[in-house]
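The values are calculated or read from the model by the stated rules, or taken from the named source; none is laboratory data. Please read all numbers here as calculations on a predicted model, not as lab measurements. Neighbour counts run over all protein chains shown; Cβ positions are idealised from the backbone, glycine included. Please note that ligands, DNA and RNA were not included when accessible areas were found on the heavy atoms of the full protein model with its side chains. Shrake-Rupley method; radii C 1.70, N 1.55, O 1.52, S 1.80 Å.
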Amino acid sequence: MASKGRQFVLLLWKNFTLLRRSWLTVLFEIFLTVLFVIVLLLVRTDGDLKGKIVPVYEPGSFTIQKLPDELTLQHNGRYMAYAPNTSAAVNDVMMRTKSLLSNLQMVVGFTNETEMVDFLLSAESQKSQSFSPYIGGVVFDVNGNNFSHGINYKIRLDYVPRHDQEEASILGSSQTWLTKFIFPIFEIKGPRDHGNIKGGSPGYYREGFLGLQWAIDRAIIAHLYNLNTPPSIDLVMQRFPYPSYLDDKFIYIIQNVFPLLLMMSMVVTALSIVKNIVFEKERKLKVY
């Protein structure tokens, strides 16, 4: 135990002696660390700290009783595919859905989901336009002509939302729905797209998902109860409220800058250690 303590004391003495002989390097290391701390303090004092912000989303901000105009007019979405068309119940529900959405011009049925997907992916569905006129497809889980208990269906839209396709082509990346994530990949303080009263990305409203879901559900109700038209319901939407939060831009800056500053402040120290080790190896020096 005494020998290990003596070795430790000798190691401290050795390091202290090396630092004393290269005092300029030591001063530079200390100066560099202090400099980067000052940089962080300057960024902190110059940061835009707005204090607590309380997002307010007015009730009845928008409605989903029709497809959004930006989808039908700007992005050319006016048709809808569905499967299977071998079921009378499914055909009736989709025709009712078309009548409920005034700006949905046509619904096209297919025998099964595979046939529908192949058609939507084919060049025929594009019709030489920037966006396909087909918004997507609806697939019902049904056996025979009538629905059984527990009606299941899925809405299949573009892999890349239409609103993000132009941005994705510019950035060279796919802006997908990212449905496997509960939270955004890069967390930020406050609500996502805080200025968008309709929720923002990934665009369940602007891509027509909410409108289609609402119309299909009403069409299923009308079909099951044999109604000419479903009950009239004025549905208005409001974005989910978000509590007050501290809007501090310094947090976003430090997330990206701090690792770089920390690495740069240690560069001289790392180089000095490597130099000393190489020197000891060349001189065949050992510490016992």
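Please determine, by comparing only the residues of region 37-63 that are at pLDDT 80 or above and either surrounded by 13 or more Cβ atoms within 10 Å (Cβ to Cβ) or in contact with a strand residue (DSSP E or B) (Cβ under 8 Å, 6 or more places away or on another chain) (or both), which one is farthest from residue 158 (Cα to Cα).
Of everything passing the filter in region 37-63, 57 is farthest from residue 158 (Cα to Cα).
Inside region 194-288, counting only helices (runs of 4 or more DSSP H) that do not spill past its ends, which hold 1 or more residues that are in contact with a helix residue (DSSP H, G or I) (Cβ under 9 Å, 6 or more places away or on another chain) and exposed (fewer than 12 other Cβ atoms within 10 Å of the Cβ)? Break it down stepwise before answering.
Working: elements: 209-224, 249-265, 267-283.
By residue number, 249-265, 267-283.
Using beta carbons and a limit of 7 Å, which pairs, at least six apart or on different chains, have the first residue in region 1-23 and assigned to a helix (DSSP H, G or I) and the second one open to solvent by less than 90 Å² (accessible area, probe 1.4 Å)?
Correct list of pairs: 10/287; 11/287; 14/287; 18/276; 19/26.
Could you please give the count of residues in region 83-109 that are open to solvent by 30 Å² or more (accessible area, probe 1.4 Å) and not in a loop (DSSP other than H, G, I, E, B)?
10
Regarding region 114-128, can at least one residue be identified that is β-branched (Val, Ile, Thr), more than 30 Å from residue 191 (Cβ to Cβ), at pLDDT 90 or above and surrounded by fewer than 16 Cβ atoms within 10 Å (Cβ to Cβ)? Break it down stepwise before answering.
Pass one, region 114-128, residues β-branched (Val, Ile, Thr): 114, 117.
Narrowing the set further to residues that are more than 30 Å from residue 191 (Cβ to Cβ) leaves 114, 117.
Applying the additional criterion that residues be at pLDDT 90 or above yields 114, 117.
Checking the rest, the ones that are also surrounded by fewer than 16 Cβ atoms within 10 Å (Cβ to Cβ) come to 114.
Looking for residues that are β-branched (Val, Ile, Thr), more than 30 Å from residue 191 (Cβ to Cβ), at pLDDT 90 or above and surrounded by fewer than 16 Cβ atoms within 10 Å (Cβ to Cβ), one finds at least one in region 114-128, hence yes.
Consider only pairs whose beta carbons are under 7 Å apart and that are at least six residues apart or on different chains; among these, list those whose first residue lies in region 27-41 and is within 11 Å of residue 268 (Cα to Cα) and among the hydrophobic types (A, V, I, L, M, F, W, C) and whose second residue is modelled with pLDDT under 80 and assigned to a helix (DSSP H, G or I).
The qualifying pairs are 28/268; 32/265; 32/268.
Only one residue in 232, 265 is of a type in the set (S, T, N, Q) and closer than 26 Å to residue 186 by Cβ. Which one?
Values: 232 fails: closer than 26 Å to residue 186 by Cβ.
Exactly one residue qualifies, and that residue is 265.
Got a number for residues in region 64-82 being surrounded by fewer than 16 Cβ atoms within 10 Å (Cβ to Cβ) and under 24 Å from the mean Cα position of the chain (by Cα)?
Total meeting the criteria: 2.
Just a yes or no: is a residue in region 241-264 in contact with a strand residue (DSSP E or B) (Cβ under 7 Å, 6 or more places away or on another chain) and at pLDDT 85 or above?
No, because not a single residue in region 241-264 is in contact with a strand residue (DSSP E or B) (Cβ under 7 Å, 6 or more places away or on another chain) and at pLDDT 85 or above.
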